[in-house]
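Novice: Below are the structure tokens for one structure; questions will follow.
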Amino acid sequence: VQYSKKDYDQSMIDDFALDRIEEFAKELGLEVDRNNYDSYIQECREIFKNKQKIDKDEQQLYNFIHWYSLRNKGIYLLEKYKEVVLPLIHEVYSIQRMVNLQDGEDQYIGYIDFEASFTDDPDTIYTIDNKTASTMRAYGEGCVERSPQLASYCEFTERNTAAYIVVEKELRKRDPRFRIHIIKGEIPEETFEQVFDEIEEVKELIKAEEFHKLDNKKECFFYGKRCEYVDFCWNDGNMKGLVNLKEESDGDK
């Protein structure tokens, strides 16, 4: 398991988490000051930064601290979602509705988080997708109108009204510590056409076993991580870091 720098927030480590972390550290035979896990985290990060090898037990404790931070942050943000968003919902029409668009033997499958109307617009049903984000850069003006995901879902629901509910993962130091954004929009016809043209193109390329690299190498580093196929695509088929799955006797790979 890999955790990013922003996955750890000291303010999310409550007394219960402190007790569990201290117990786990003792099980691993590590001596760490329960009142100063920040120092331990920084020491581990220095090891990672210098590309040195970290002890397995130290890595386990590092992961455990991050897990509790994320666990508590998740609970906190869900409580704030309930507090802020739910009063704005007029009526819920579905939760986790399955999307199944068929084209001959081919299927496009997805799940709509929920469909609902809002109190300020009770007569309009929106196809809604919940998101978490480290930054709102990806959810600027027109993000709903350009969204391939929402367009595919709206094709299934036969409505063009959609919304993102975006919860920022990074908490601020001062109140309000959290930020939740509700972004509504209407999917234009040109987005529907573009999205399903691209789906058709990708489908045909998969059938032809043609897998082209992206036009921009920067897109190979989404979500703060390097795609494991970067060297293969951009360095003449370099297989470094990849595992070649040999064909099994039954024909499966």
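Novice: Using only the Cα atoms of the range 132-213, what do you get for the radius of gyration and for Dmax, in Å?
Specialist: When restricted to the Cα atoms of the range 132-213, Rg and Dmax are 16.5, 54 Å.
Novice: Same structure again: For the chain, what is the accessible area per residue in Å², given a 1.4 Å probe and the full set of protein chains?
Specialist: Values: 17480 Å² over 253 residues.
In whole numbers, the chain has 69 Å² accessible per residue.
Novice: Given a 1.4 Å probe and heavy atoms of the protein chains only, how would you sort Ile21, Ile125, largest accessible area at the top?
Specialist: Details: Ile21 0, Ile125 45 Å².
Listed by decreasing accessible area, they come as Ile125, Ile21.
Novice: On the accessible surface of the chain, probed at 1.4 Å, how many percent belong to carbon and sulfur atoms? Let's see the in-between values first.
Specialist: Details: 8330 of 17480 Å².
Ligands and nucleic acids excluded, carbon and sulfur give 48 percent.
Novice: Taking the Cα centre of the chain as the origin and placing charges on Cβ (Lys, Arg +1; Asp, Glu -1), which of Ile165, Leu30, Pro176 is farthest toward the positive end of the dipole?
Specialist: Looking along the dipole axis, the top candidate is Leu30.
Novice: Sticking with this one: Beyond a 19 Å Cα-Cα separation, which of these cross-linked pairs lie in this structure: Lys73/Lys169; Lys5/Lys169; Lys26/Lys73?
Specialist: On the way: Lys73/Lys169 8 Å; Lys5/Lys169 12 Å; Lys26/Lys73 25 Å.
With Cα atoms farther than 19 Å apart: Lys26/Lys73.
Novice: With the cut-off at 1.5 for a/c, could you classify the range 51-136 from its C-alpha gyration tensor as rounded, prolate or oblate?
Specialist: Details: a/c = 3.73, a/b = 1.58, b/c = 2.36.
Oblate, because a/c is 1.5 or more while a/b does not exceed b/c.
Novice: May I pose another question? If you place +1 on the Cβ of every Lys and Arg and -1 on the Cβ of every Asp and Glu, how big does the dipole about the Cα centre of the chain come out, in debye to the nearest 20? Write out the running numbers ahead of the final one.
Specialist: On the way: 36 positive and 55 negative charges, 307 e Å.
Dipole size: approximately 1480 debye.
Novice: To the nearest 10 Å², what's Lys213's accessible area with a 1.4 Å probe?
Specialist: 100 Å²
Novice: Beta carbons within 10 angstrom, averaged per residue: use that to sort the peptides 27-37, 146-156, highest first. Don't jump to the answer; show the numbers that get you there.
Specialist: Working: 27-37: 12.7, 146-156: 20.2.
In decreasing order of mean packing, 27-37, 146-156 become 146-156, 27-37.
Novice: Short version: what are the Cα gyration tensor semi-axes of the chain, square root of 5 times each eigenvalue, largest first, in whole Å?
Specialist: Values: eigenvalues 280, 187, 53 Å².
Semi-axes (√(5λ), whole Å): 37, 31, 16.
Novice: Give me the percent relative contact order of the range 91-165, please, defined on Cα pairs under 8 angstrom at least 6 residues apart.
Specialist: Numbers: 106 pairs, mean separation 20.7, N = 75.
Here the relative contact order equals 28 percent.
The values are calculated or read from the model by the stated rules, or taken from the named source; none is laboratory data. Values in this document were obtained by computation on a predicted structure and should not be read as measured data. Cβ atoms come from the backbone with ideal geometry, glycine included; neighbour counts cover every protein chain shown. Only protein heavy atoms, including side chains, enter the accessible area calculation; ligands, DNA and RNA are left aside. Shrake-Rupley method; radii C 1.70, N 1.55, O 1.52, S 1.80 Å.
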